[in-house]
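First the structure, in the form of structure tokens, and then the observations on it.
Any read-out appearing in this document is the output of simple, stated calculations on the displayed coordinates, not a laboratory observation. The shown structure was predicted, so the numbers you read here are calculated from the model rather than taken from an experiment. For neighbour counting, all protein chains shown are included, and Cβ atoms are generated from backbone atoms with ideal geometry for every residue, glycine included.
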Amino acid sequence: MRHRARAWIASPVLALLAALPAAAQEAGAAEPRLAVPAGPAPAIDGTAGEAEWEGAASFEVSRGADVYGRGWIRRAGRELYLGFDTKISPWGIGFRVTFADPVSRRETLVLVTPLNPPRPPLAAFRTLVDRDPERLPVTACDLRFSLAGREGFSFELRIPLDLLEIGPTEKEYRFSLEIWALGDERAVAAYPQDERTVTAQARPAVLVSEGAWGAAEASAAAPPPNEALALLAEIETEPEDGPFFPRDAGWLGGKRKDAPLADLEARAVRLAAACPDLIPLRTFLVQVRIARNDLPGALEALDELGDYLPPLAKTPRHLLIRTQLLRDLGRYDEALAMLAEHADELKDDPMVRRERSDVEGWREAWRTEQRIRKAEAERDDLPKVRLETSKGAIEIELFEDDAPNGVANFVSLVESGFYDGTRFHWVSGGDHVVGGDPNSKDDDTHNDGYGDPGYMIESEPGRRISFPMTVALADKRRERRTEGSAFSIFLSPFPMGDGVNTILGRVAAGEDVVRRLEHYDTIESAKVLRKRPHPYVPVKR
């Protein structure tokens, strides 16, 4: 997630994993062998049940005398199918499935993470001796989960043998599967289990094919590549000009180009509906909507997680992000009520304590702001302007009583037509949008944020602060206290500017338009709707 305290917080490993036995039995076991039978391809539908895997080789993932799950392995043509079922919670755990060729000393590692965003649910790496690991494309694989929250889950994985470079010969390969606690990167259970060590650690089993390693072609019954995994693999990509999904989406390679966020959102919505068990798709949808400034939509997507997996509603990760979204929407009482309701689950989380303190401070400040706005509404004489943008109309009420010179400057610029044709040159997902710089009219993207109307005015920081949908004059880029024509519209609290910049006004109508603004949307025209009966001439520096 993004900005200040908002982040995807590492979830704690559940008590079941934390309470693992510390001692292991000392025994030397014969080298385990796992014979992989050929058979029809299991349906990859998230139901890793024994009946569906009849005839497959089975194994147990354990530590000491404790069994943490059962797995099945079978091949069909040139594809390997792996199923696993466990009663432990999917939070904070991952699976490391290793295939090794003892002749070439090539090792392939496949990682499966059920519910730990932003880690991808599926990733693969190949390592040769004396070489760094190489990331492998896994979009040809398929993965399905069947999630039951804290009650356990199952998954099914299809792996092309060509990805593993397993040839159609009788050569033996090494295989191991470990359950890992992602928080502290340690193995907690494994197959096969090395009983000579205190911590669970897999020593490879010999993976033997019953017959040749499949025909030359993959099974005709094999499912097509998983489009949802392909999207998640795209998200993980970082091209040379920056991350595929940058925080300030829309600024790509220094060019005026909208990031394909609308298309990404549509794909994520469609694929999340088709694959409800791939929770990272839904967390990605939350991120996309924040980047598009759609905080209500992000909150809705976050709450939908609880519809598909109710125990998520009580995890610290979910509650903290929900608190931050409610705060950014100005719903302070609701955020504090939720934190109070789940106080027992959150009492040991320091980030939640800080967030609660911040929200309480914003709530008190909002009560003061409401009293000021009530008095202003009774007088009903503050100036108003309308910005006609390429996304719709925005009406701004100006705080002339608190920032008379800043308002005089803004009104005079509007009346002169200064803002007509300028663009919103900066859109920081979920934070604020910035417009009003005359440099945004030209074709040079690198001078945006450095422009002014030919003069500067003094800042007027005062009692007003940056609540969602407040408007403030903005500094020239990298220069403090250099206010001119550029202004910011805040989408969430922005305390870094409080006491420094001029809080100019608030959005009185068109909040939905503000949230739809993207990079280089245009202010087509600006008009003064109302002003007080006196000249509006700013005092210039």
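Over the Cα atoms of region 384-530, Rg to Rh with Kirkwood Rh, two decimal places? When Rh is taken as the Kirkwood radius, the ratio is 0.91. Taking amide H as placed 1.01 Å from N in the peptide plane, the amide H of THR502 sits under 5 Å from that of GLU460, LEU473, each at least 5 places away or on another chain. Remark: spin-label model distance ILE372-ASP66 equals 5.6 nm, labels positioned 7 Å along the Cα→Cβ axis. Per-residue extension of 0.36 nm, minus the Cα-Cα distance of ASP420 and ALA215, leaves a gain of 67.0 nm for this segment.
With a simple spin-label model that places each label point 7 Å from the Cα along the Cα-to-Cβ direction, the separation between ARG530 and GLU345 comes to 4.5 nm. Cβ crowding within 10 Å, taken as a proxy for footprinting-reagent exposure, orders LYS347, LYS384 from fewest neighbours to most as LYS347, LYS384.
Just need log10 I(q)/I(0) for region 378-455 at q = 0.18, 0.19, 0.22, 0.28 Å⁻¹, Debye formula, equal scatterers on the alpha-carbon atoms, no solvent, rounded to two decimals. Treating every Cα as an identical point scatterer, log10 I(q)/I(0) equals -0.87, -0.96, -1.20, -1.41. In plain terms, the chain from VAL500 to VAL206 could stretch by 99.1 nm, reckoned as 0.36 nm per residue minus the Cα-Cα distance. Amide H contacts under 5 Å for GLY430: ASN293, restricted to partners 5 or more places along the chain or on a different chain, H placed in the peptide plane at 1.01 Å from N.
So between ASP130 and GLU227, what do we pick up on full extension, going 0.36 nm a residue minus the alpha carbon distance? Present the calculation step by step, with values, prior to reporting the outcome.
Working: separation 97, 0.36 × 97 = 34.92 nm, distance 3.44 nm.
In short, 31.5 nm is gained.
Longer than 22 Å from Cα to Cα, which of LYS391/LYS540; LYS476/LYS531; LYS374/LYS531; LYS374/LYS527; LYS476/LYS540; LYS391/LYS441 are they? Say none if no pair is. Can you show the working numbers first?
On the way: LYS391/LYS540 33 Å; LYS476/LYS531 27 Å; LYS374/LYS531 19 Å; LYS374/LYS527 25 Å; LYS476/LYS540 16 Å; LYS391/LYS441 17 Å.
Among LYS391/LYS540; LYS476/LYS531; LYS374/LYS531; LYS374/LYS527; LYS476/LYS540; LYS391/LYS441, the Cα-Cα distance tops 22 Å for LYS391/LYS540; LYS476/LYS531; LYS374/LYS527.
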